[in-house]
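Student: Take this structure first; my questions come after.
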Amino acid sequence: MIRIGLTGGIGAGKSTAARHFARLGAHLIDADVLAREVLDPGTPGLAAVVDRFGPGVLAPAAPGDDLGDDPGDADGPDRLDRPRLAAIVFDDAAALADLNSIVHPLVHRRTREELDRIARAEPDAVVVHDIPLLYEAGLAGQMDLVVVVSAEPQVRVERAVARGMDAADVRRRIAGQADDARRESIADVVLRNDGAEADLAEQVRAVWRERVLPLLAARA
């Protein structure tokens, strides 16, 4: 199995690059998706978050949102109010560390489950790990190839705003993440994504031809 670590800051185009890798045949494991799954209603992860941060981080299910076992029950289990939790941990390093201590082990476990599932079905698979905090988490050493997607800060802000985010919030998030120099210090390949998606797609295809296929051939 070939493992590719894919990372980049908010608005850089990491998820777009991940889709293009998937079109070439890679299996995608998205850390953000797993992080949401482990805090779904009724999970031990959500219970641990409520235990640490209190019931105020919950948003009751809307009437008619039937998530329970009883078909006649109009109200499902409580959900995590993600914006409220984000507001709590955003400027509180200790609170963020506590949240990460709950979420990261659960995401790691789900990642191993996904890798095992893929390996059983396709032992020589190419797996792309879409991990926003790859640098911060120190996971580069676990990857066969690290790909960083980079774009100018203003381009990133414009893209995120186009998706409905607030510009000031985007700038705060950029400031709170590792800068491009730190990300690129762990990169085997840097994809520049200040232009059109077609340009990024061609760069992904070049990585596949020049880096991924030789790795697969070497292990055949």
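The values are calculated or read from the model by the stated rules, or taken from the named source; none is laboratory data. Everything numeric here is computed off the predicted structure, so don't read it as measured data. Backbone-built Cβ (ideal geometry, glycine too); neighbour counts: all protein chains shown. Accessible surface is based on the protein model in full, side chains and every heavy atom, while ligands, DNA and RNA are left aside. Shrake-Rupley method; radii C 1.70, N 1.55, O 1.52, S 1.80 Å.
Student: Given the criteria within 22 Å of Arg172 (Cα to Cα), modelled with pLDDT of 95 or more and open to solvent by 40 Å² or more (accessible area, probe 1.4 Å), does Asp51 qualify?
Tutor: No.
Student: Mind checking which residues of segment 161-202 are closer than 13 Å to Ile10 by Cα, open to solvent by 50 Å² or more (accessible area, probe 1.4 Å), in a helix (DSSP H, G or I) and not hydrophobic (A, V, I, L, M, F, W, C)?
Tutor: The answer is Arg171, Arg172, Arg173, Gly176.
Student: Can you list residue pairs whose Cβ atoms sit under 7 Å apart, with the first residue in segment 81-95 being within 17 Å of Arg171 (Cα to Cα) and touching a residue at least 24 places away in the same chain (Cβ under 8 Å) and the second being in a helix (DSSP H, G or I) and of a type in the set (Val, Ile, Thr)? Count only pairs 6 or more apart in sequence or on different chains.
Tutor: Correct list of pairs: empty, since none qualify.
Student: Could you identify the single residue in Ala93, Ala97 that is modelled with pLDDT under 90 and either out of contact with any helix residue (DSSP H, G or I) (no Cβ under 7 Å at 6 or more places or on another chain) or within 24 Å of Ala18 (Cβ to Cβ) (or both)?
Tutor: On inspection, the qualifying residue turns out to be Ala93.
Student: In segment 60-85, what count of residues is obtained for those that are open to solvent by less than 60 Å² (accessible area, probe 1.4 Å) and modelled with pLDDT of 90 or more?
Tutor: 3
Student: What's the total number of residues in segment 25-46 that are assigned to a helix (DSSP H, G or I) and over 21 Å from Asp92 (Cα atoms)?
Tutor: Total meeting the criteria: 5.
Student: Let me ask you something else. Go through segment 93-144 and report how many residues are more than 25 Å from Thr43 (Cα to Cα) and either open to solvent by 50 Å² or more (accessible area, probe 1.4 Å) or among the β-branched types (Val, Ile, Thr) (or both).
Tutor: 14
Student: Check segment 41-64 and report whether any residue there is within 30 Å of Trp208 (Cβ to Cβ) and of a type outside the set (Val, Ile, Thr).
Tutor: no
Student: Just give me the residues in segment 92-141 being in a helix (DSSP H, G or I), over 16 Å from Val33 (Cα atoms) and touching a Gly at 6+ places or on another chain (Cβ under 9 Å), in sequence order.
Tutor: Ala140
Student: Let me ask another. Kindly provide the set of residues from segment 145-156 that are surrounded by fewer than 21 Cβ atoms within 10 Å (Cβ to Cβ) and assigned to a helix (DSSP H, G or I), ordered by number.
Tutor: Correct list: Pro153, Gln154, Val155.
Student: Glu210: closer than 23 Å to Glu37 by Cβ and open to solvent by 60 Å² or more (accessible area, probe 1.4 Å), yes or no?
Tutor: No; evaluated as a whole, the condition is false for this residue.
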